Each structure stands twice: as structure tokens, then as C-alpha cells.
Amino acid sequence: MIFGHLVEEIAREAGEMLLAKRPARPEVLATKSSPTDVVTALDRACEELIRSRIKAVRPDDAILGEEGGEAGEGRVRWIVDPIDGTVNFLYGLPEWAVSIAVEVDGEVVAGAVNVVPRGEVFTAVKGGGAWLAGERLRCNTGVPLERALVATGFGYESGRRRVQAEILGHVLPRVRDIRRGGAASSDLCSVAAGRVDGYYERGLNPWDYAAGGLIAAEAGARVGGLSGRPNSPGFTLCAASGLFEELHDLLLPLDPERDA
Ligand code: IPD
């Protein structure tokens, strides 16, 4: 399917550009929702590169990007995070990714997450499985809550973080352990690859979860929100069935979608 090749190709090219141009110590260019929500010059340059590549081959498609917002409208929309895990990128931690998804009529049909420092490009097309380096991915199944390694992440605003810390206090004593990788798209791919058993986070944006959500789903995970709602900026929960429900039932009474 054409979108599958295109997302992968563009995510690879963007990753090469970032590797070639990343200075030893990238500088913060601006802050966004809070002083901890940063953007570097390369976030913007990379998104411009991705937009120009998409426009060159698909001039009529809409594009939603983390840095440049929404442009155009139509049945096909590309959803782009040029650097997911910008804080890791800033510090030289090896967990940041280029995340690109394609949505047709509101449904994600292809996605690629290039975890650049690790040289790993995760891909999926709807109905065609999730893949890494020619290997089909399968998430872990049959893992009970008390043996689950669960990834999560935190937003940038202090009120939201207060609630997230409180929720964590309830989850941590009930599971094997918690991981906070720092790039949501990569966390979702880690569920797909069986490197963690589950993942949850409140307040992601579509560019954080669109590609990784498809990859996790194509690896057999259930990806959704709370109370039967779909995955959305409200809440993202991802795990194989069984663990998904256990995490859901643990989280729901804690009202994790509130802000302090
Ligand atoms: C962030 C990362 C992080 C998650 C935050 C996101 P950004 O994206 O994915 O893991 O916890 O909620 O905003 O800002 O680095 O693109």
C-alpha cells in the first residue's frame, strides 16, 4: 500500500537529517504550554522537511503537525511529530522519535515511528501487521497486572502532573514496575514489541499517539480510552486484552482525566 512505503521513507529521511544536524548540545528555541514544554530549532526544521516531502508527492492532503498546526483539508490527513521526546533529544538521551501517520476519513491506515538514536523504524499499515527490521511484532499476552511492566508519561503543566503523580502512587504498588521513557510514540511501539506489557497516559496529542497506536494495535494490543471511549487526547490506554481491562479498572475510579 502506497502510504505504508511513503510514511516509512519520509520518517527515515527525517531521522537521517536529525542525526546529521543534531548539535552536541541542542538549544531551546522557545517554550510552549509551560517552561518544561520546549521546542528546538530542529523540531521546526524537521517538520518543514517532512511537510515539503509530503507536499511534493501528495499536494492535496491535509497535514497536522506538532509545530506547524493544521494545514489543508480533505479525506487524507498526515499527522506528524518531527521529534517526539524533545526533552530526551535536548539532553542526548537515546529515546526520541520521528512519528508520522496517515489518516483516511478519520481512520489511521499507516504509521511509522523512527526511534532515531536506536536506528529502529517501526511500521504498520492497517490490517497488515506491525513490523520492525523485517520481523512481525506481537505484544505480550496473558500478563496479569501484578506482573506487568507498565510505561507511562507525564504532561507539561504542573496541575496535570500533580494528578499524574497521585495516580502513579496507586498504580506502582500494584504492578511489576513503571517505566517513563519520555517519548509516547516509542512507548506504544515498546508495547508492540513486548518490551513493556502496557502503557497509559493522559493528555497526549494525536501526533504523539497516531502512528504508535496503529503499530501497537497491529501487534495485537488493545488501544483505547476509558469507559469504552476510543483513544483520544483525554486518555490513552494500551495493552493486550486482559491486562487492558485490569489497568482500566484500576485507573477509572481514580478519575485520571481530571486536572488539579
Ligand atoms: C511528549 C512525549 C512524552 C509524553 C508527553 C508528550 P514531545 O511529546 O511523548 O513522553 O509524556 O505527554 O507531550 O513534547 O516530546 O513531542
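Read-outs throughout are calculated quantities, based only on the coordinates presented, and are distinct from any laboratory measurement. Computed from a prediction, not measured in an experiment: that's the story for all the values here. Cβ coordinates were reconstructed from backbone atoms using ideal geometry, including for glycine residues, and neighbour counts include every protein chain displayed.
Structure data summary
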quantity: Ranking of D259, D60 by count of other Cβ atoms within 10 Å, fewest first; calculated: D60, D259
quantity: The chain: radius of gyration over Cα atoms, expressed as a fraction of 2.2 N^0.38 Å; calculated: 0.95
quantity: Contact order relative to length of region 26-146, as percent, for alpha carbon pairs under 8 angstrom and 6 or more apart; calculated: 14
quantity: Proportion of all alpha-carbon pairs of region 145-254 beyond 19 Å (%); calculated: 35
quantity: FRET efficiency estimate (nearest 0.05) - Cβ-Cβ, A165 to E48, R0 35 angstrom; calculated: 0.45
quantity: Additional length obtainable on full extension of the chain from A24 to Y156, 0.36 nm per residue less Cα span; calculated: 45.1 nm
quantity: Debye-sum result for region 2-136 in log10 I(q)/I(0), which assumes one identical scatterer on each alpha carbon, at q = 0.10, 0.19 Å⁻¹; calculated: -0.31, -1.07
quantity: Estimated inter-spin distance, R138 and K55, nm [label 7 Å along Cα→Cβ]; calculated: 4.5
quantity: Folded to 0 to 90 degrees: helix 2-21 orientation relative to the chain principal axis, Cα; calculated: 80
quantity: Set of aspartates and glutamates near K32 by C-alpha distance (under 20 Å), chain-local residues within fewer than 8 positions excluded; calculated: D43, E47, E48, E66, E67, E70, D81, D84, E157, E201, D208, D259
quantity: Spacing of the two label points (7 Å from each Cα toward its C-beta) at E245 and R229, in nm; calculated: 2.2
quantity: Rg over Rh, two decimals, region 59-177 (C-alpha only, Kirkwood Rh); calculated: 1.02
quantity: Relative contact order for the chain, counting Cα pairs under 8 Å that sit 6 or more residues apart, in percent; calculated: 17
quantity: Kirkwood-based Rg to Rh ratio, region 22-66, C-alpha trace; calculated: 1.09
quantity: Cα centroid separation - region 54-78 against region 177-195, whole Å; calculated: 27
quantity: Cα-based reach from K126 at 23 Å (exclusive), listing lysines while leaving out same-chain residues under 8 positions away; calculated: K55
